[in-house]
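> Provided herewith is a single structure, encoded as structure tokens, for subsequent inquiry.
The values are calculated or read from the model by the stated rules, or taken from the named source; none is laboratory data. As the structure is a prediction and not an experimental result, all values here were calculated from the model. Because the Cβ atoms are built from the backbone with ideal geometry, glycine has one as well, and the counts that use them run over all protein chains shown.
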Amino acid sequence: MKAPHTRRPEGSGANARGERERLMYQVSRAIYRELSCDIRGGRDEHEAILRVCEATIERMVVDQHYFARPARALFRDLRPHFDIADWPRVYCLIMIPNASEMCSLSAPFWPV
């Protein structure tokens with residue numbers, strides 16, 4: 001007697017991995033796009049920022065239980081690529097959900 005065929009749950013196997021990788025790519029690119037206008041330097045700096053964003057998002061997915069404070073780690077890795085005057089905006093974009101609206105406000109923002 002054959003066992004009845006059971007359908008794999010949604011979000012399992014190769015399709016889930018592909019979807020997860022696509023979402024990781026979208027998130028890291030969205031962070032990069034928001035920050036790209038303020039990057040100091042040329043093409044090498046832009047590539048470095050993109051690699052840092054991708055590595056952080058990938059680690060968040062792969063190592064979520066042991067990656068403490070990913071936003072803080074990302075900000076620490078990004079700081080050298082920006083002028084110090086841009087750090088509040090970079091911090092705001094990384095640390096706060098829906099930050100693109102908040103960071104565009106005219107009031108200065110630097111949380112304590």
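> If a residue must be among the small types (Gly, Ala, Ser) and buried (at least 16 other Cβ atoms within 10 Å of the Cβ), how many such residues does the range 42-60 contain?
Pass one, the range 42-60, residues among the small types (Gly, Ala, Ser): 42, 48, 55.
Right, trim to buried (at least 16 other Cβ atoms within 10 Å of the Cβ) and you get 48.
Counting residues in the range 42-60 that are among the small types (Gly, Ala, Ser) and buried (at least 16 other Cβ atoms within 10 Å of the Cβ) gives 1.
> Taking the conditions exactly as written (of a type in the set (Val, Ile, Thr) and modelled with pLDDT of 90 or more), does residue 84 satisfy them or not?
On the way: of a type in the set (Val, Ile, Thr): yes; modelled with pLDDT of 90 or more: yes.
Yes.
> Could you grab me the full set of residues in the range 61-81 that are modelled with pLDDT of 85 or more and surrounded by 13 or more Cβ atoms within 10 Å (Cβ to Cβ)?
70, 71, 73, 74, 75, 77, 78, 79, 81
> Go through the range 31-71 and give me each residue that's among the aliphatic types (A, V, I, L, M), within 14 Å of the chain's Cα centre (by Cα) and more than 18 Å from residue 86 (Cβ to Cβ).
Within the range 31-71, the subset among the aliphatic types (A, V, I, L, M) is 31, 35, 39, 48-50, 52, 55, 57, 60-62, 68, 71.
Now narrow it down to the ones that are within 14 Å of the chain's Cα centre (by Cα): 31, 35, 48-50, 52, 55, 57, 60-62, 71.
Across the range 31-71, the qualifying residues are 55, 57, 60, 61, 62.
> Return the residue satisfying two criteria in turn: it lies in the range 87-112 and is among the polar types (S, T, N, Q) and under 21 Å from residue 25 (Cα atoms), and of such residues it is modelled with the highest pLDDT.
Pass one, the range 87-112, residues among the polar types (S, T, N, Q): 98, 100, 104, 106.
If we keep only those that are under 21 Å from residue 25 (Cα atoms) as well, we get 98, 100.
Working: 98: 56, 100: 53.
By that ranking, first place goes to 98.
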